[in-house]
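Beneath this line is the structure, given in structure tokens, with notes to follow.
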Amino acid sequence: MQIIDGKKVSAEVKAQVAKETELLKSKGIVPGLAVVIVGDDPASRVYVNNKKKACELVGFKSEEYALPAQTTQQELLDLVETLNDKKDINGILVQLPLPEHLDEKQIIEAINSIKDVDAFNAVNVGKIMIGDYDFLPCTPAGVMEMLSYYNIPVSGKNCVVIGRSNIVGKPMAMLLLHQNGTVTICHSKTRNLNEICAGADILVAAVGIPKFVKADMVKEGAVVIDVGMDRDENGKLCGDVDFDDVKEKTSYITPVPGGVGPMTIATLMKNTLKACKLQNNC
Ligand code: NAP
């Protein structure tokens, strides 16, 4: 069993982004990311702080817009519109989830698709479907980067993704398919889930239930990728995979923390750099 070290891979990705940023800066171009947070959800605050730190590390300009929980839809739309027009901002990220009274879908669609570095809006999702994209969604792309780093082949493998959300499960399945995996997507209505998972060469868990994947769901020698960011019974951060129960059966496994999480932020930096290059024709 080998642990996939997301911290190490993400550090290398960010170092590469920093190198390319230096080059851009020598031409007078500085990539800029705007992060919008509405309300005071503590988890969102941690994610936003981590994104800001990553921007500093790679040499980007970052702007944070922290809006009160009672912000109206129109106020948020106006801010997105302002950021769409701002020349020194190449990427716009609206931290989800938004407070319930706001229409998340409309906000995501308002972001100019060339600044949609999360790749959540319909234009970018459509481009991913046809395999002709500018940006990949950060978490699934981070997973693919880790597989590639560890030379784990996907082509022809049985890949099972548990979860079908728009931000993780569906695009994850699509990226595995692009790499010629034979992909099964499971969800809460899936029958015989354990058996399907136990047939996976590559099993990706994006369920949101702590320690959901147990040893009887894992094939001997499988690669197990844990996207979950959950809290266990003691409030400690854990994943969707019961790491201790499962690890000995796997050939490779991602830990939580230190697995997929850092890769998500590294991909966001890659996407922002790409957005900057596209917008400056370089
Ligand atoms: P989500 O929108 O809640 O989706 C969860 C998915 O799991 C749904 O498709 C749901 O099925 C499925 N599911 C729920 N219970 C199930 C069951 N008993 N059996 C099989 N499938 C079941 O969650 P998400 O946004 O995709 O996030 C998933 C996890 O990833 C969370 O822990 C989240 O915190 C984490 N996450 C981590 C990162 C990162 O950077 N590491 C980024 C994003 C998310 P239905 O569709 O049928 O309801």
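The values are calculated or read from the model by the stated rules, or taken from the named source; none is laboratory data. The structure displayed is predicted, hence computed values, not measured ones. Cβ coordinates were reconstructed from backbone atoms using ideal geometry, including for glycine residues, and neighbour counts include every protein chain displayed.
Side notes on the structure shown:
- Residue match in segment 184-192 (condition: within 16 Å of the ligand (Cβ to nearest atom) and part of a helix (DSSP H, G or I)): no
- Conditions (1) surrounded by 13 or more Cβ atoms within 10 Å (Cβ to Cβ); (2) within 16 Å of the ligand (Cβ to nearest atom); (3) farther than 19 Å from G6 by Cβ; number of the one not met by I253: (3)
- Applying the criterion of being of a type in the set (V, I, T) and surrounded by fewer than 20 Cβ atoms within 10 Å (Cβ to Cβ) to the residues of segment 173-184, the residue that is farthest from the chain's Cα centre (by Cα) is T182.
- Residues of segment 223-264 that are assigned to a helix (DSSP H, G or I) and over 21 Å from V161 (Cβ atoms): D244, E248.
- Close pairs from segment 26-37: first under 13 Å from C276 (Cα atoms), partner surrounded by fewer than 21 Cβ atoms within 10 Å (Cβ to Cβ) and aromatic (F, W, Y), Cβ under 9 Å, at least 6 apart: A34/Y65
- Among the residues of segment 256-282, those that are buried (at least 19 other Cβ atoms within 10 Å of the Cβ) and either of a type in the set (G, A, S) or in contact with a Pro (Cβ under 6 Å, 6 or more places away or on another chain) (or both) comprise G259, G261, A266, T272, L273, A275, C276.
- Check on D134, closer than 18 Å to I265 by Cα and modelled with pLDDT under 95: yes
- When the helices (runs of 4 or more DSSP H) confined to segment 92-180 are screened for residues that are more than 22 Å from V213 (Cα to Cα) and among the hydroxyl-bearing types (S, T, Y), those reaching at least 2 such residues are found at 138-149.
- A Cβ distance below 7 Å, combined with a sequence gap of six or more or placement on separate chains, defines the contacts here; from segment 202-228, residues that are within 13 Å of V256 (Cβ to Cβ) reach residues that are of a type in the set (F, W, Y) in the pairs A205/F212.
- Figure legend. Inter-residue proximity from segment 250-267: first residues in contact (Cβ under 8 Å) with a residue 60 or more places away in the chain and within 20 Å of Q95 (Cβ to Cβ), second residues assigned to a strand (DSSP E or B) and within 9 Å of the ligand (Cβ to nearest atom), beta-carbon distance below 9 Å, spacing 6+ or different chains. Indicated pairs: V260/D226.
- Scanning segment 213-222 for residues that are within 14 Å of the ligand (Cβ to nearest atom), crowded, with 19+ Cβ neighbours inside 10 Å and not in a strand (DSSP E or B) turns up just one, M217.
A quick yes/no check of all residues on (1) within 16 Å of the ligand (Cβ to nearest atom); (2) within 23 Å of I111 (Cβ to Cβ); (3) without any contact (Cβ under 8 Å) to a residue 12 or more places away in the chain:
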| position | (1), (2), (3) |
| --- | --- |
| V123 | no, yes, yes |
| I128 | yes, yes, no |
| D132 | no, yes, yes |
| M146 | yes, no, no |
| N151 | no, no, yes |
| G163 | yes, no, no |
| N166 | yes, yes, no |
| A173 | yes, no, no |
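- Residue match in segment 97-105 (condition: surrounded by fewer than 14 Cβ atoms within 10 Å (Cβ to Cβ), closer than 23 Å to C55 by Cα and of a type outside the set (S, T, Y)): yes
- For segment 163-172, the count of residues that are surrounded by 17 or more Cβ atoms within 10 Å (Cβ to Cβ) and small (G, A, S) is at least one.
- Identity of the residue in segment 79-96, in contact (Cβ under 8 Å) with a residue 40 or more places away in the chain and farther than 27 Å from P42 by Cβ, that ends up surrounded by the most Cβ atoms within 10 Å (Cβ to Cβ): N90
- Residue count for segment 116-157, restricted to those that are farther than 20 Å from V260 by Cα and over 16 Å from the mean Cα position of the chain (by Cα): 11
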